[in-house]
Amino acid sequence: MRGWMILAAGLAAGASLGATPLRVALLDFENSATTSADAGDLAGVTPQALSAKGATALGRALANQPDFVLVDRRDFVRRMQPVRPGAGGPQYQPSFLQAAQAVNADLVLRGTLLSYAPGKQVVNLGGMKTEFTTLSLRIALEALDAHDGSVIASEDGVARREFRQTESLRTVVGEDELVELLQSAIGKAVPGLKSALAKRQQQLQDRPRVKLSVQTSADPALVEIDGMLVGTTPLKDFAVYAGDHVLTVGKAGYQDVNKRILVQSDTAIEVPMLRTQLSADEIKEVLEKARLNIVSGVPEAALEIHQVDLNMEKPAP
């Protein structure tokens, strides 16, 4: 559908690195490494198994950092479990943004295991072969904004261990040693990540934040903001950055609503939903009861936008 520019009220938020520690939520580590042909030297520990330990290792690295406060990971992960918003409706998985805001996080940290394999050098000295093995492990850490999912800082970390293999002595790296190597790589990436975040401090502080609420005439419906699934309607007080956004609302059996909006203060939006197949009488009734726009003969729901004062005290009963 066509996107319309609608002037409305909206909100956004940013994280800062300074006197107040950042509240950080940790995503599971991702794995981009492949299984090495020399996996026998690595005690059979696969990249997938090692990356599964990444979130715990990252949590340990940040636990004693004064600039960070770790959000309870169990609560954070629980809020991303698939849910079924309506009776008999399809399941959907809340985005990490929705979960991060629910636990009041400033940042979301995502780690990736990039490579994990030994390199070998064979030296022949007087008929005796000596093999030198260098085990290298590289990870990447990304800091994601908890309000729009953008990457605001990124840093790599590399850790290596060298050992010698001979015909009479062969070393197999155990799981404990691999975890230590993972922790070392993370430890080398954290200072650079903190430095990159410090450079963004002022920019993040200066970005205004607003709260966006969305409801429809056919709740629950899926809501996307700028292509990111953020939840289902009724969506209450979702934090976004003030400015231009693309709002998409969809539900099976109904026409998708796709609008470009400009939000500048706290905003509530009502979206009339139209079924994909309407009878002539139903179309007439909808046209009479709702503000609609006709595009190429197809009725298109308009947004009802209200500026709201979320700080206003409620009247006494």
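A short reminder: the numbers here are calculations on the coordinates, not readings from a lab. Being a predicted model, the structure only gives us computed values, none of them experimental. Glycine gets a Cβ as well: all are built from the backbone with ideal geometry, and neighbour counts include every protein chain shown.
So the values come out like this:
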| item | result |
| --- | --- |
| q = 0.14, 0.19 Å⁻¹, segment 195-257: log10 I(q)/I(0) [Debye, one scatterer per Cα] | -0.50, -0.74 |
| Residue pairs, from the table LYS53/LYS251; LYS251/LYS284; LYS259/LYS284, whose Cα atoms sit over 31 Å apart | LYS53/LYS251 |
| Cβ-derived FRET efficiency at R0 25 Å, GLN264 paired with SER150, nearest 0.05 | 0.80 |
| Virtual spin-label span in nm between THR34 and PHE163, 7 Å along Cα→Cβ | 2.5 |
